[in-house]
Amino acid sequence: MDKSCVYPARRPNINLKKYMQLYRNLQEIKKPFERPVVTIGNFDGVHLGHQLLFHEVAIRAKRSGGSSVAITFDPHPLKVLRPDGIRLISTTRQKIELIRMAGIDALVILPFDRQFAKTTATDFVNNILCETIGVCELVVGYDYAFGRGREGNIDFLRGQGEQRGFPVTVVEAHYEDEMLVSSTRIRELVMEGRMSDVRNLLGRCYHIHGEVQQGKQRGGTEIGFPTANLKLSEEDLCPKKGVYVTQVLYGDKMYGSVTNIGYNPTFGENELVVETHIFDFNKDIYGHPIRLNLLCHLRGEVKFNSIEELSAQIQKDIATAKQILAEAAKKGFGSNFGQYA
């Protein structure tokens, strides 16, 4: 068990912006933005590195009296170019909300397909950045590249900036505890169940969103612990199988909980399930949306010989989870464990 989960993640100062202009294609942009400072990226997870990038954009826009603009893509380009090659940290909806929270004035989401993938870096700069957006300044991550064959690298952008009169700022790689903050690394950590490391790189808890589904109805009647079930497909980024200390956000209230992610080996099933027992909770929430924060991995999947053995282990898991949550509360983290998720 990862005891470090009782410690808070590092979080930047977050500007809880109430309003952000959202454009889902270029046609919705009727005129160039007001002196825009622009950044481009996939921003999967909107991790601490991305947040520093947005902070730089927002600061420079405020300094120049202009607007901060982020450009991203939907779906993620690798979902189109290599459909079996990536599992995403965040959905588009989550990404929009997280970018809004980072204090960006406008988000442009470019629909990505194989035709768009043929766009050259030069055409992207000319037609999108300059003509449509009206870029005055560009801020990008240290490893960013775009356009057909990723030809639009940092050197290319700097050259285009010199020709067209917009400065290019490169935000260098960011490390937390000597670990590179990157979407690729976070995906690996999620699949390894290392949720405290995930939280350090994201700046918040890793979470799963969804509507509560009708399950097998065994939790309350047979096992003695009713559960809220979420759907998780094999195409989603799936955390390491097993039991987690979790929190459930329902409405505007956070509840402690314990969650099993796996295939229910005790019952011989092969369907991936996310089953959460919520503490001190007795509401009917079928069909209602919840957010599930994963705090730390308690144990792996186990096939028990009987329902009685399973029930006894769940009791132990609940006791451990409550202890961890209580320790977090003593440190002043309590119900805010996953606040900015």
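The values are calculated or read from the model by the stated rules, or taken from the named source; none is laboratory data. Values in this document were obtained by computation on a predicted structure and should not be read as measured data. Note that each Cβ is placed from the backbone with ideal geometry, even for glycine, and that neighbours are counted across all protein chains shown.
Could you grab me the full set of residues in the stretch 253-279 that are at pLDDT 85 or above, under 24 Å from Met191 (Cβ atoms) and either buried (at least 18 other Cβ atoms within 10 Å of the Cβ) or of a type in the set (Gly, Ala, Ser) (or both)? Hits for the stretch 253-279 are Ser257, Val258, Thr259, Asn260, Ile261, Gly262, Val273, Val274, Glu275, Thr276, His277. Of the residues making up the stretch 300-307, one or more are surrounded by 15 or more Cβ atoms within 10 Å (Cβ to Cβ), modelled with pLDDT under 95 and closer than 26 Å to Arg199 by Cβ. Checking each residue in the stretch 18-34 for being in a helix (DSSP H, G or I) and surrounded by 20 or more Cβ atoms within 10 Å (Cβ to Cβ) picks out no residue at all. Identify all residues within the stretch 79-99 that are within 13 Å of the chain's Cα centre (by Cα) and buried (at least 17 other Cβ atoms within 10 Å of the Cβ); write none if there are none. Within the stretch 79-99, Leu88, Ile89, Ser90, Gln94, Lys95, Ile96, Leu98, Ile99 qualify. Figure legend. Inter-residue proximity from the stretch 312-327: first residues over 18 Å from Met195 (Cα atoms), second residues surrounded by 15 or more Cβ atoms within 10 Å (Cβ to Cβ) and at pLDDT below 95, beta-carbon distance below 6 Å, spacing 6+ or different chains. Indicated pairs: Ile314/Phe225. Within the stretch 233-262, the residues that satisfy the criterion of being touching a residue at least 60 places away in the same chain (Cβ under 8 Å) and either at positive phi or not in a strand (DSSP E or B) (or both) are Glu235, Asp236, Leu237, Cys238, Lys240, Lys241. Among the residues of the stretch 173-196, those identified as part of a helix (DSSP H, G or I) and surrounded by 21 or more Cβ atoms within 10 Å (Cβ to Cβ) are Ser183, Ile186, Leu189, Val190, Met195. Considering the conditions (1) buried (at least 21 other Cβ atoms within 10 Å of the Cβ); (2) within 17 Å of the chain's Cα centre (by Cα); (3) not aromatic (Phe, Trp, Tyr), Val108 is excluded by exactly one of them, (2). Of the residues examined, Asp84 is not one that is charged (D, E, K, R) and touching a strand residue (DSSP E or B) at 6+ places or on another chain (Cβ under 9 Å).
Out of all the residues in the stretch 285-320, which are over 25 Å from His209 (Cβ atoms) and either of a type in the set (Phe, Trp, Tyr) or assigned to a helix (DSSP H, G or I) (or both)? Those that are over 25 Å from His209 (Cβ atoms) and either of a type in the set (Phe, Trp, Tyr) or assigned to a helix (DSSP H, G or I) (or both): Phe304, Ile307, Glu308, Glu309, Leu310, Ser311, Ala312, Gln313, Gln315, Lys316, Ala319, Thr320.
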